[in-house]
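As structure tokens, the structure follows; a few thoughts come after it.
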Amino acid sequence: MVSEGTEAPDFTAPLANGEIDSFRLSESLDDGPIVLAFFPGAFTSVCSHEMTEFRDRYEEVEHAGGTLYGISVDSPFALNEFRDKLELPFDLISDAEKEIVDGYDLAMDFDELGVYDVAKRSVFVVDSDGELAYAWVSDDPGVEPDYDEVIEEVAEAA
């Protein structure tokens, strides 16, 4: 698993922003700290709550100097619908090929549900040098991040 102080694995993936564009982490670092909020799956209760909490605190993230992206293994089409339904002001990254989840070593299975290789709920703050300034990973999909802590870490990385 990647950890604070190490270089963030770079990636290119589809970006669900109302359209479908391409996102490359290394090309976005000039925008200040990047917050990558991984969640297991769109349209699930805890993930919806987490994304709406980030939505409600989005201005705090921006004021701290950060740019927020949600990431899941859902298709970009599903993520656009999820983004619209929750009225998210930030874009979502589709890792349908599970390359980002593998690169960050975040794969998790829900055997009882027959769901495999989804992302563990986790948050990373990547500074403008491409290093991980903050890393939080939960093995319990029902646990959400400490939103105040994430915003504080963004401000420190800015």
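The values are calculated or read from the model by the stated rules, or taken from the named source; none is laboratory data. None of these values were measured; they are calculated from a predicted model. Note: ideal-geometry Cβ built from the backbone for every residue, glycine included; neighbour counts use all protein chains shown.
Inside the stretch 101-131, can you point out the residues that are among the basic types (Lys, Arg) and either touching a helix residue (DSSP H, G or I) at 6+ places or on another chain (Cβ under 8 Å) or within 17 Å of Ile34 (Cα to Cα) (or both)?
We begin by selecting, within the stretch 101-131, every residue among the basic types (Lys, Arg); these are 120-121.
Of everything in the stretch 101-131, just one residue is among the basic types (Lys, Arg) and either touching a helix residue (DSSP H, G or I) at 6+ places or on another chain (Cβ under 8 Å) or within 17 Å of Ile34 (Cα to Cα) (or both), namely Arg121.
For Tyr69, all conditions in the list (1) more than 16 Å from Met1 (Cβ to Cβ); (2) of a type outside the set (S, T, N, Q); (3) touching a helix residue (DSSP H, G or I) at 6+ places or on another chain (Cβ under 8 Å); (4) touching a residue at least 40 places away in the same chain (Cβ under 8 Å) hold save one; what is the number of the exception?
Among (1) more than 16 Å from Met1 (Cβ to Cβ); (2) of a type outside the set (S, T, N, Q); (3) touching a helix residue (DSSP H, G or I) at 6+ places or on another chain (Cβ under 8 Å); (4) touching a residue at least 40 places away in the same chain (Cβ under 8 Å), the lone unmet condition for Tyr69 is (3).
Please work out which one of (1) under 11 Å from the mean Cα position of the chain (by Cα); (2) over 21 Å from Ala157 (Cβ atoms) is the condition Asn80 fails and give its number.
It is condition (1) that Asn80 fails.
Determine the pairs where a residue that is in contact (Cβ under 8 Å) with a residue 60 or more places away in the chain, located within the stretch 44-58, has a partner that is assigned to a helix (DSSP H, G or I) and surrounded by fewer than 22 Cβ atoms within 10 Å (Cβ to Cβ) with Cβ atoms under 7 Å apart, the partner being 6 or more residues away or on another chain.
Glu53/Tyr147; Arg57/Tyr147; Arg57/Ile151
From the list Ala135, Ala107, which residue is over 20 Å from Thr12 (Cβ atoms) and either surrounded by fewer than 15 Cβ atoms within 10 Å (Cβ to Cβ) or out of contact with any Gly (no Cβ under 7 Å at 6 or more places or on another chain) (or both)?
Values: Ala107 fails: over 20 Å from Thr12 (Cβ atoms).
Step by step, each of Ala135, Ala107 is checked, and only Ala135 is over 20 Å from Thr12 (Cβ atoms) and either surrounded by fewer than 15 Cβ atoms within 10 Å (Cβ to Cβ) or out of contact with any Gly (no Cβ under 7 Å at 6 or more places or on another chain) (or both).
All but one of (1) farther than 19 Å from Glu59 by Cα; (2) outside any strand (DSSP E or B) hold for Ala155; which doesn't?
(1)
Consider Tyr134 against the criteria (1) under 14 Å from Phe39 (Cα atoms); (2) at pLDDT 95 or above; (3) not in a helix (DSSP H, G or I): it satisfies all of them except one. Which criterion is unmet?
Single failed check for Tyr134: (1).
I'd like the full set of residues that are in contact with a strand residue (DSSP E or B) (Cβ under 8 Å, 6 or more places away or on another chain), assigned to a helix (DSSP H, G or I) and either surrounded by 12 or more Cβ atoms within 10 Å (Cβ to Cβ) or not acidic (Asp, Glu) (or both), limited to the stretch 1-42. So that I can check it myself, show each step before the final result.
Within the stretch 1-42, the first condition is being in contact with a strand residue (DSSP E or B) (Cβ under 8 Å, 6 or more places away or on another chain), and the residues that meet it are 1-8, 10-17, 20-25, 28-29, 31-42.
Imposing the further condition that a residue be assigned to a helix (DSSP H, G or I) reduces the set to 25, 29, 31.
Across the stretch 1-42, the qualifying residues are Leu25, Leu29.
Specify which of the listed residues (Asp95, Asp127) is within 13 Å of the chain's Cα centre (by Cα), of a type in the set (Asp, Glu), under 22 Å from Leu15 (Cβ atoms) and modelled with pLDDT of 95 or more.
On the way: Asp127 fails: within 13 Å of the chain's Cα centre (by Cα).
Every option except Asp95 fails the conditions.
Where residues in the stretch 43-65 are of a type in the set (S, T, N, Q) and either assigned to a helix (DSSP H, G or I) or in contact with a strand residue (DSSP E or B) (Cβ under 9 Å, 6 or more places away or on another chain) (or both), which of them is farthest from Tyr147 (Cα to Cα)? Spell out how you get there, then give the answer.
Initially, the stretch 43-65 is screened for residues of a type in the set (S, T, N, Q), giving 44-45, 48, 52.
Now drop any that are not either assigned to a helix (DSSP H, G or I) or in contact with a strand residue (DSSP E or B) (Cβ under 9 Å, 6 or more places away or on another chain) (or both), which leaves 45, 48, 52.
Numbers: Ser45: 18, Ser48: 15, Thr52: 12 Å.
The extreme case among them is Ser45.
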